[in-house]
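For reference, the structure discussed in these notes is given below.
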Amino acid sequence: MFDITNYNQQVLFFTFVSTVILLFTLFKRNFNNLLDPIAMHIFWLSGNIAFLTAYIYRYGISNMPIWFFLFFLTYIFVLKIFLKKVRTGIIDHNMSDKIKEKTFKIKFVYIVITFIYFFSKISFFKYAMENPSLSSWFFYRFVDLQGRDPVLRILSTGSEVYFYFFSFILIFLIKKWRHLAFIGVVMALLIGVFSGGRSSLLAALVYLGAFIFYFNNLFEKKTITKVNFIGVIMVSFAILVAIVVSTFYEEDMSIVDGFSIIVNRFIAVGDGLEYYMLYNGSTHIKSGLTEYFMAIFGVYVKQFSSIEYKNVGTQLTELVVGDVYFAQGANFVFPLQTMVLGFYSWFIYIPILAAFVALCRSNRTKSFILLPFSFFLSFHCFTFATDMEYALLCLISGVLIYLIVVYPILKIKF
């Protein structure tokens, strides 16, 4: 499996840090706080570029890593062109007034969404009751990887964005039920951490960053400055939590081991690219329109047919370790998406994808009813580049929760 110790550590570190600085400088006008999802995307891009640099340093120059480099440069270039500057704003003050006028509906939606979100964690609650030892709760992550009830998965994936969205509206904009909403967020974080979610706290901070970006015209500059300062502290704490949680995954694991795991994760975003290059992915992974369709929709198609299909990430992982029987593999990142669709599609596919990501991030609406889904798209925009298969799950789940729960409540007159 992917391990950063297989590569020159100095090359990895220098390239990663240099790329982070370069990209933060490049995109500095496209975000207004350090918790913004684009910051995480910059780390993701930097991790991939650092890996490719270290790969070339170890194995020498060859066609595939150079092409992957070109893919990333093309994506970054087009993304920068289409992203709007943050000062243009997404929501105006008229929307703020509309939100405050709909306080009752927002409270109602918040109650329903909160119930759905915590209900979707029922499998963890059952596991916790069957395993009362606190340390054993962290192993729930591995139980979850073996497969989860699809309905609960949809409820959890679809409701999470709306849960944080309406929580932050109550806390920061309406400023009613603030304590209740804050307690709900804390409970969600505790469940996430104790169920083995190393990045639960970091994810919550990114939700906050996305909220501040989306409603940037409603936050004073000094407030954003304060968020940036506190955010750096909280992100550091979130990483520490992730390190500690990692130490529970195996017996006799130290804090140093946990730190190594987290550091590895920053660069391990390139695991699928490594497997594809080292194990002749172009030979083993089929390409074409049908294969691209199955790579994205295969997990759903096989539920309603006799077709046996394993996603691209699982196929790549199996090239390394043999058969795997749990739901985990390399992410279906956009360079792999391009290779599965067909190599020569890159000069069309990657620019279109980058433009689509930028469009989703900057999407705006004057409709109060569409506001939650607009935020949903803005938050999840980068997921289409980092893992198209997971992005589709998020989109389907988010649309279902919006149409079945959020939209009817906001639309009905009472």
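The values are calculated or read from the model by the stated rules, or taken from the named source; none is laboratory data. A quick note: this is a predicted structure, and the numbers were derived from the prediction, not measured. Cβ coordinates were reconstructed from backbone atoms using ideal geometry, including for glycine residues, and neighbour counts include every protein chain displayed.
Quick rundown of the values:
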{"quantity": "From the options ILE409, ILE352, residue that is in a helix (DSSP H, G or I), among the β-branched types (Val, Ile, Thr) and touching a Lys or Arg at 6+ places or on another chain (Cβ under 7 Å)", "calculated": "ILE409"}
{"quantity": "Residue tally, condition part of a helix (DSSP H, G or I), more than 19 Å from SER282 (Cα to Cα) and either at pLDDT 95 or above or under 22 Å from the mean Cα position of the chain (by Cα) (or both), over the stretch 59-95", "calculated": "11"}
{"quantity": "Qualifying residue in the stretch 281-304 (condition: of a type outside the set (S, T, N, Q) and touching a Pro at 6+ places or on another chain (Cβ under 9 Å))", "calculated": "no"}
{"quantity": "Selection within the stretch 104-128 - at pLDDT 90 or above and not hydrophobic (A, V, I, L, M, F, W, C)", "calculated": "LYS105, LYS107, TYR110, THR114, TYR117, SER120, LYS121"}
{"quantity": "Some residue of the stretch 370-389 being charged (D, E, K, R) and within 30 Å of ILE99 (Cα to Cα)", "calculated": "no"}
{"quantity": "Residue ID - surrounded by the fewest Cβ atoms within 10 Å (Cβ to Cβ), chosen from residues in the stretch 31-60 that are among the polar types (S, T, N, Q) and in contact with a Leu (Cβ under 9 Å, 6 or more places away or on another chain)", "calculated": "THR53"}
{"quantity": "Any chance SER305 is exposed (fewer than 14 other Cβ atoms within 10 Å of the Cβ), in a helix (DSSP H, G or I), of a type in the set (Gly, Ala, Ser) and out of contact with any Asp or Glu (no Cβ under 7 Å at 6 or more places or on another chain)", "calculated": "no"}
{"quantity": "Per-region count, the stretch 16-39, residues farther than 26 Å from THR317 by Cα and either assigned to a helix (DSSP H, G or I) or more than 22 Å from the chain's Cα centre (by Cα) (or both)", "calculated": "16"}
{"quantity": "LEU377 modelled with pLDDT of 95 or more and closer than 23 Å to LYS84 by Cβ", "calculated": "yes"}
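Listed here are the residues, each with its yes/no results for (1) among the hydroxyl-bearing types (Ser, Thr, Tyr); (2) modelled with pLDDT under 70; (3) buried (at least 19 other Cβ atoms within 10 Å of the Cβ).
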position: LEU180; (1), (2), (3): no, no, no
position: LEU190; (1), (2), (3): no, no, no
position: ILE212; (1), (2), (3): no, no, yes
position: LYS226; (1), (2), (3): no, no, no
position: VAL245; (1), (2), (3): no, yes, yes
position: GLY258; (1), (2), (3): no, yes, yes
position: GLY281; (1), (2), (3): no, no, yes
